[in-house]
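Report on one structure; see the data block that follows.
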Amino acid sequence: MGNAMRGVIAFIPSERCQRYLVGDLKEMPLDRTLDLSHHQLRRLPAAVCVFDELVKLYLSDNNLSSLPDELQGLRKLQLLALDFNCFEELPAAICRLRHLSILYLGNNRLHRLPRELRELKELNTLWLETNCFTDFPKVICELTNLKTLHFGYNQIHSLPKDLRQLEELKSIWLAGNLLTEFPPELLDMHSLAVIDVDRNKIRQFPNLSHMQGLKLVIYDHNPCVNAPTVGEGVRRVGRWADSSDDEQEEDGAKAASEDTAEMAEGHSEEKQNNLGQESDIQL
């Protein structure tokens, strides 16, 4: 099928046209894995939902914004990839896939998650990076088997206290958000091995040396005046990662001094502007 013809057909969401995009789907794949990524799909062909022995389903990089209720018939599904699509809401059928352990939802338009997501008791890996969240969905705190959480490049300012309930969580990826302080909730999560807070707005990092399981901390591209103190053998990625405590203290004091000077200069300019505005009002 030529690319031009595929492009035209992709805009027709009828069952017949969408089946034409994916070809013949008559037999269950021997490895119980079906990959329909990069097919320009706007609608999932119903034929897919007949394969009730399916374990892995890849639907990445399509134009999907909904899924049929029949998807819940894939009761043995363990991996579902829906990244790089057009979802604004999480389809209800996903929350009924009780054996799902890996769920990819990155690069969509999600801004909230339904409470029914907590029914996915076996979910251990969740990707939600590059969506439209301004608040951290509290339902994630009920996914007690979660081990890996990717939540980078959203717009959250903080984490909920209930995140501490995720006692199995090993890695949390929060790069590219709007955090202004290191989330205090993470300090009590001793199972964490990886913490990524790259590209936030954090100025001060706490002591993390008490976190026995920690292996890696990524804190680069923050306006920080210090590096997090970590235990022996923990790798740091960011400013002062290879510096001694004395060098950090000296550089931190210099950075704080520069910030104070900038603030003083800013206040001076603001005062001059205010005086100018007052003069205009009097005139």
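P(r) for segment 134-207, from all Cα pairs and a bin width of 10 Å, is 20, 59, 21, 0 %, short bins first. Structure note, pairs 76/215; 56/161; 138/215; 56/138; 121/201; 161/215: Cα-Cα distances above 30 angstrom occur for 76/215; 56/161; 121/201.
Estimated from the Cβ-Cβ distance and a Förster radius of 35 angstrom, the FRET efficiency linking residue 216 and residue 70 is about 0.25. Excluding residue 168 itself, calculate the net charge of residues whose Cβ lies under 13 Å from the Cβ of residue 168, where each Lys or Arg counts +1 and each Asp or Glu counts -1. Residues close to residue 168 contribute a combined charge of +1. Taken about its Cα centre, segment 79-238 carries a charge dipole of roughly 40 debye when the Cβ of each Lys and Arg holds +1 and the Cβ of each Asp and Glu holds -1.
Taking Lys and Arg as +1 and Asp and Glu as -1, the other residues whose beta-carbon sits under 12 Å from that of residue 200 total -1.
Element breakdown for segment 87-149 at a 1.4 angstrom probe: carbon and sulfur atoms account for 45% of the accessible area. A simple spin-label model places pseudo-atoms 7 Å from Cα toward Cβ; at residue 229 and residue 158 they are separated by 2.6 nm. Net charge of the neighbourhood of residue 99, taken over other residues with C-beta under 10 Å away and scored Lys/Arg +1, Asp/Glu -1, is +3.
The values are calculated or read from the model by the stated rules, or taken from the named source; none is laboratory data. None of the values given here were measured: they were computed from a predicted structure. Cβ sites come from the backbone with ideal geometry, for glycine too, and all protein chains shown count toward neighbours. Accessible surface areas use protein heavy atoms only, side chains included; no ligands, DNA or RNA. Shrake-Rupley method; radii C 1.70, N 1.55, O 1.52, S 1.80 Å.
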